[in-house]
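Chemist: First the structure, then my questions, so here it is.
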Amino acid sequence: MQQLSIYNTLSRQKEVFKPLHQGRVGLYVCGPTVYGDPHLGHARPAITFDILFRYLSRLGYKVRYVRNITDVGHLENDADEGEDKIAKKARLEELEPMEVVQYYLNRYHKAMEALRVLPPSIEPHASGHIIEQIRMVQKILDNGYAYVSKGSVYFDVEKYNKSHHYGKLSGRNIEDMLSATRSLEGQDEKKNAMDFALWKKASPEHIMRWPSPWSDGFPGWHIECTAMGTRYLGEEFDIHGGGMDLLFPHHECEIAQSVAALNKESVRYWMHNNMITINGQKMGKSLGNFITLEEFFNGSHPMLTQAYAPMTIRFFILQAHYRSTVDFSNEALQASEKGYSRLMDIYSRLQELEPAETSTVNLSDLRQKCFDAMNDDLNTPVVISHLFEAGKAVNSIFDGNAAISAGDLKELREVFALFVSEILGLDPSTASQDNAKAEAERAAYKAVVDLLLELRLEAKANKDWAQADKIRKQLAELGFKVMDTKEGFDWKWSAP
RNA sequence: GGUUCCUUGACCGAGUGGCUAGGUAACGGUCUGCAAAACCGCUUACGGCGGUUCGAAUCCGCCAGGAACCUCCA
C-alpha cells in the first residue's frame, strides 16, 4: 500500500492524501482559454496533472478528472471595460465565436495527444454551463455576499472578509491589498476595487451573451470553475489544480464563491504547478514570449535551433519537479533529448536481455524506490534518476558484464513498464502510431538491415574493411546507426 | 510598495542537519581493425557574510541578485 503525500498550497506543506470518499478521487484542473495556439506553458499543468491522474489511477482510485474549457467570460486587459476575449478574436477573424473555440480546442487536443496527455474524464465548456453559473450567482446574492449594480453582479469582498479570510490561499489580507490596489478608472459600478464580477452586463456590440435575471450578459471570470466543479464533483471534492499564476485572484475567488454559495470550502487540496521560464522570465501570453507547441514540434520558431519531439518536451518537463520553475533553453532541451533517447535504449535493451541462473545485480528495491519518489509529492525527477541508475545495470548485463535471473528480469521489466510507460507516460515503442501494416513493414525493413549487416560481418571476417565501412557509411546516411558488439552488431534508426 | 518564492558543479536539475541524485557536455581509461554504443573514472558544487550545532547546501539573521502574483495569463 502506497502512501501519497502532496503539497497543499492551503497549508503550505506536504500532507498525506486522504480521499473524501474511500476509493474515489475528484480532481478539478483549470484548463485552457481557447483563443490561441497552445504553447509550452500549457504543457506544464497538462503533464503535471496527467501524472497525478495516472498515478492516482494506478494506486487503485477511481478518479474523476474534470478539466474545463474556458470559452466565455474572460475579459480583455481593460478589465471591466473590455469585451469578451473570444468575441473580440471572432470579430477580428470574422468567425463565429464557437468556430474559434472549436478550432483552437482541436489544436489543443492534438498537441495534448502528441504529448501523451490522457484526456480527462469530463471536459466541460463554460459556455455549456451558463445555467449552473447563474444559479450559483443567485445563491451568492441570496446569501448576501453580492450586489447588483447596473445589470452586473459583483462579489462583496469586504463583507465576505468580515466573517471569512479573503486571501487565505495566497497569503494575503484585505488591508494590504487595499493599500496596494491601483485606482483603475471606470470602476464606479463596484463598491470596492477588490470586488470581482460574478455576472457582467453585455455592451450592445458584445456578441456572446445570455439572458439572466440581471441583464443580457455573460458570467464573471471565476464563477465557471466553482459552478462546474460543484456540478461534476460535488459541493466538496478532493483536489483542485492549476498554474501558480491562477493562485490569485482566480483560486482565491473560487474559495470565496463556494463559501458564499454553499457555506463550505469545496476544495481539500490545492495544487499548483510552477511556471516555465524563458531567459529567466515567465513564458506567457501577456509577455508575448511564448513558443507554441507546434513550433517546438517542427522547429519553426526563430529561437529554436532544431525541432523537438513531443516526448522530448514531456521528458524535459518531467525532469524537473512540478513546483520548481523550469527554464527553457535549446541546450537544456537537447540534453533532455539525448537523455530520453538513452532511457528508451535502456528500455528496449531490457526486452532483449537473456536471463541467467543467478543475478549479479541487485535491483530488488527499485520498485519501492520509484514509488517512494512518486509518493513524495510526485517527484518525477527522482523516479527518472532511479530508472537511469537501473539502466546502468541493464547495459552491463547487455554487454555481458553482469547477469540477471529470470525472476529478477521479469520484475525489472514490470517496473520499467509501470513507471516509464504507465505512470510517466513516456512512449517506449519505437514508433507511436502502430497498426498491423506498419508493423509488418517495419519488420521487413529490419530484416533487410540485418541482412546487410550480416554481409558486412562477412566482409569483416574477410578483412575487407573497405566493403565493411562502405555498408556502414551508406546505412549511416540513411539514418541507421550501426554499433558493433561482441556477438555481431546492433543498430538503431533515427531521422538523418 | 505589499505578498510569496528562488539562487546547487560547464549546462539542466534532485536534495529540508551527517549517508553529498540523475541527465547533458568536456576530458581520461576499458573494449574495438576503425568508429559508435556501453562500462569505469572525472580528484566533494551548493550567491556573500555572520550565527545555531559535535556536524549545514539543508535551520536562523543580514546583505546581494533574480522571479511570480497584486491586471487577462498554464
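Chemist: When the chain is fully extended, how far beyond the present Cα-Cα distance does A:Ala461 get from A:Leu118, taking 0.36 nm per residue of separation?
Modeler: 118.4 nm
Chemist: Hey, another quick one. Roughly how far apart, in whole Å, are the Cα centres of region A:329-378 and region A:126-165?
Modeler: What the calculation gives is 51 Å, centre to centre.
Chemist: Helix A:40-58 sits at what angle to the longest principal axis of chain A, using alpha carbons and giving 0 to 90 degrees rounded to 10?
Modeler: Around 80 degrees separate the two axes.
Chemist: What does the convex hull of the Cα atoms come to per residue for region A:338-496, in Å³?
Modeler: 129 Å³
Chemist: Under a plain spin-label model, where a point goes 7 Å from the Cα along Cα-to-Cβ, how far apart in nm are A:Glu175 and A:Leu353?
Modeler: Here the answer is 6.3 nm between the modelled labels.
Chemist: So, counting K/R as plus one and D/E as minus one, what does the shell of residues with Cβ under 15 Å around A:Glu123 add up to?
Modeler: Result for the local shell: +1.
Chemist: Only Cα pairs under 8 Å and at least 6 apart count here; give the relative contact order of region A:436-493 as a rounded whole percent.
Modeler: 20 percent
Chemist: Leaving out ligands and nucleic acids, and using a 1.4 Å probe, what accessible area per residue does chain A come to in Å²?
Modeler: Ligands and nucleic acids excluded, the figure is 47 Å² per residue.
Chemist: Greater than 20 Å separation of Cα atoms is the criterion. Which listed pairs, A:Lys191/A:Lys264; A:Lys150/A:Lys200; A:Lys338/A:Lys470, meet it?
Modeler: A:Lys191/A:Lys264; A:Lys338/A:Lys470
Chemist: Can I ask one more? Based on alpha-carbon atoms only, what is the radius of gyration of region A:436-493 relative to the globular estimate 2.2 N^0.38 Å?
Modeler: Relative to the 2.2 N^0.38 Å estimate, region A:436-493 comes out at 1.17.
Chemist: Helix A:436-461 versus the longest principal axis of chain A: what is the Cα-based angle in degrees, 0 to 90, to the nearest 10?
Modeler: Helix A:436-461 sits roughly 40 degrees off the main axis of chain A.
Chemist: For chain A, give the percent of accessible area contributed by carbon and sulfur heavy atoms, probe 1.4 Å, rounded to a whole number.
Modeler: Using a 1.4 Å probe with all protein chains present, chain A comes out at 50 percent carbon and sulfur.
Chemist: What does the charge count near A:Lys62 come to, summing +1 for each Lys or Arg and -1 for each Asp or Glu among other residues with Cβ under 15 Å from its Cβ?
Modeler: Around A:Lys62, the surrounding residues sum to +3.
Chemist: Same structure, new question: So in chain A, what percent of DSSP beta bridges are antiparallel if you round to the nearest 5?
Modeler: 50 percent
Chemist: Compute the distance in nm between two label points, each set 7 Å from the Cα along the Cα-to-Cβ direction, one at A:His109 and one at A:Asn395.
Modeler: It works out to 4.1 nm between the two label points.
Chemist: A follow-up question, please. Taking A:Lys14 as the anchor, which lysines have their alpha carbon closer than 20 Å to its alpha carbon, excluding any fewer than eight residues away along the same chain?
Modeler: A:Lys168, A:Lys369
Chemist: Extending each Cα 7 Å along its Cβ direction at A:Lys338 and A:Met483, get the distance between those two points in nm, one decimal.
Modeler: Once both label points are built, they end up 1.4 nm from each other.
Chemist: Right, another one. On average, how much area does the Cα convex hull of chain A cover when viewed from any direction, in nm²?
Modeler: Average projection, Cα convex hull of chain A: 27.3 nm².
Chemist: Once both axes come from the Cα atoms, what is the angle between helix A:130-142 and the longest principal axis of chain A, in degrees from 0 to 90, rounded to 10?
Modeler: 50 degrees
Chemist: Same structure, new question: Could you tell me the relative contact order of chain A? Use alpha-carbon pairs under 8 Å, at least six residues apart, and round to a whole percent.
Modeler: Reported as a whole number, the value is 15 percent.
Chemist: Once every DSSP H run of n ≥ 4 in chain A is given -39500 (n - 2.57) and the sum is divided by its residues, what mean residue ellipticity at 222 nm do you get, rounded to the nearest 500 deg cm²/dmol?
Modeler: One gets -13500 deg cm²/dmol as the mean residue ellipticity at 222 nm.
Chemist: Across every pair of different alpha-carbon atoms, what Kirkwood hydrodynamic radius in Å does region A:107-229 reach?
Modeler: 16.5 Å
Chemist: Please state, as a whole number in µm²/s, the translational diffusion coefficient that the Stokes-Einstein equation yields for region A:278-423 at 10 °C and 1.306 mPa s, with Rh defined as the Kirkwood radius across alpha carbon pairs.
Modeler: 94 µm²/s
Chemist: Here's something else I'd like to know. Work out how much length A:Ser5 to A:Asp490 would gain on full extension: take 0.36 nm times their residue separation and subtract the Cα-Cα distance, in nm to one decimal.
Modeler: 170.3 nm
Chemist: Turning to a different aspect of this structure: Give, in whole angstrom and from largest to smallest, the semi-axes √(5λ) of the equivalent ellipsoid of region A:250-336, with λ running over the eigenvalues of the Cα gyration tensor.
Modeler: In descending order the semi-axes read 34, 14, 11 Å.
Chemist: For region A:17-273, divide the Cα radius of gyration by the Kirkwood radius and give the resulting Rg/Rh value with two decimals.
Modeler: For region A:17-273, the value is 0.96.
Chemist: Here is a follow-up. For A:Lys18 and A:Arg323, FRET efficiency with R0 = 25 Å and r from the beta-carbon atoms, rounded to 0.05?
Modeler: The computed FRET efficiency comes out at 0.75.
Chemist: Using alpha carbons only, how many angstrom separate the centre of region A:217-251 from the centre of region A:453-489?
Modeler: 60 Å
The values are calculated or read from the model by the stated rules, or taken from the named source; none is laboratory data. This one's a predicted model, so the numbers in the text were calculated from it and none came from an experiment. Cβ atoms come from the backbone with ideal geometry, glycine included; neighbour counts cover every protein chain shown. To get the accessible areas, we keep the full protein, side chains included, count just its heavy atoms, and leave off ligands, DNA and RNA. Shrake-Rupley method; radii C 1.70, N 1.55, O 1.52, S 1.80 Å.
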